[in-house]
Structures are given as C-alpha cells and as structure tokens.
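The values are calculated or read from the model by the stated rules, or taken from the named source; none is laboratory data. If you're wondering where the values come from, they're calculated on a predicted model, not measured in any experiment. Don't worry about glycine lacking a Cβ; one is built from the backbone with ideal geometry, like all the others, and counts go over all protein chains shown.
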Amino acid sequence: MSLAAALQPVAGMNRLVLQAQLLERGAVRYTPAGLPALDLSLKHESQLTEAGHPRKVSVEIRAVAIGEITQPLTKLAIGAETGFAGFISAQRNGRGVVFHVTEVA
C-alpha cells in the first residue's frame, strides 16, 4: 500500500499501533457489565526522523484493556516490551487521553 493510500480518510478511523514496554499493571477489576479490565502504564522510546533530522521520542501513556485481552496481559512481565494495538479516547475526567488496548503481539 502506498503512503498516499494509507493516508486516505476512513470514516471513524482511530487506530494506534505502538511498540512499548509495560511499566505498570493494576489488579484485575470488573466493569459494571461484568467484563474484566486492567489499567496499564506503557512507555515507548525510539529514534525517528522528522523534517530530515533525527529525533528521540520517549512517551509514557495510560492504557486500559477490557475483556478477553486482559488474559494475555496479566501474564506479560513488568518491563517486557511488545506490540500493542487499539484506539484512543478521552479520559473520564476529560484531561488527556487513554489508549484502549484491543490487541497484543
């Protein structure tokens, strides 16, 4: 797929794919609907090129996993690095964003 094709608008597109390290994992809790949920803290570090210049990137992001995806995440070691995919939304208090993890490598 070409870059131009990848950048074409898609209705409802909200997808984040991130290679990250698991920094923290809360205890399994349950949503009002009875689904298991995990609160996570992830850290991504890389070096990329922006405007022709190298740039170091380091970001920590709050994440949540809900449903069956919590099973493999409870087994992932703190400090382990893997791929995460999902979508972003506003935090409940409206300050910042939270990454909703729906897939893990």
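Tally time: how many residues in segment 39-55 are touching a Leu at 6+ places or on another chain (Cβ under 8 Å) and either surrounded by fewer than 10 Cβ atoms within 10 Å (Cβ to Cβ) or over 18 Å from residue 98 (Cβ atoms) (or both)? Here the count works out to 2.
To keep it simple, each residue is scored yes or no on (1) free of Cβ contacts under 8 Å to residues at least 24 places away in the same chain; (2) under 24 Å from residue 96 (Cβ atoms); (3) part of a strand (DSSP E or B); (4) not polar (S, T, N, Q).
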residue: 8; (1), (2), (3), (4): yes, no, no, no
residue: 32; (1), (2), (3), (4): yes, yes, no, yes
residue: 37; (1), (2), (3), (4): no, yes, yes, yes
residue: 74; (1), (2), (3), (4): no, no, no, no
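Mind telling me which of the residues 94, 79 ends up being modelled with pLDDT under 95 and in a loop (DSSP other than H, G, I, E, B)? The conditions single out 94.
If you go through segment 10-30 and keep only what is hydrophobic (A, V, I, L, M, F, W, C), modelled with pLDDT under 95 and in a loop (DSSP other than H, G, I, E, B), you end up with 10, 11, 13. For segment 66-84, the criterion of being surrounded by fewer than 10 Cβ atoms within 10 Å (Cβ to Cβ), touching a strand residue (DSSP E or B) at 6+ places or on another chain (Cβ under 7 Å) and closer than 18 Å to residue 104 by Cβ is met by at least one residue.
Assessment of segment 42-52 against the conditions (modelled with pLDDT under 95, in a strand (DSSP E or B) and charged (D, E, K, R)) yields at least one matching residue. Restricting attention to segment 50-70 and to residues that are without any contact (Cβ under 8 Å) to a residue 12 or more places away in the chain and of a type outside the set (Asp, Glu), the residue that is nearest to residue 28 (Cα to Cα) turns out to be 56. For the residues 82, 49, 74, the requirement of being within 18 Å of residue 16 (Cα to Cα) and not aliphatic (A, V, I, L, M) singles out 82.
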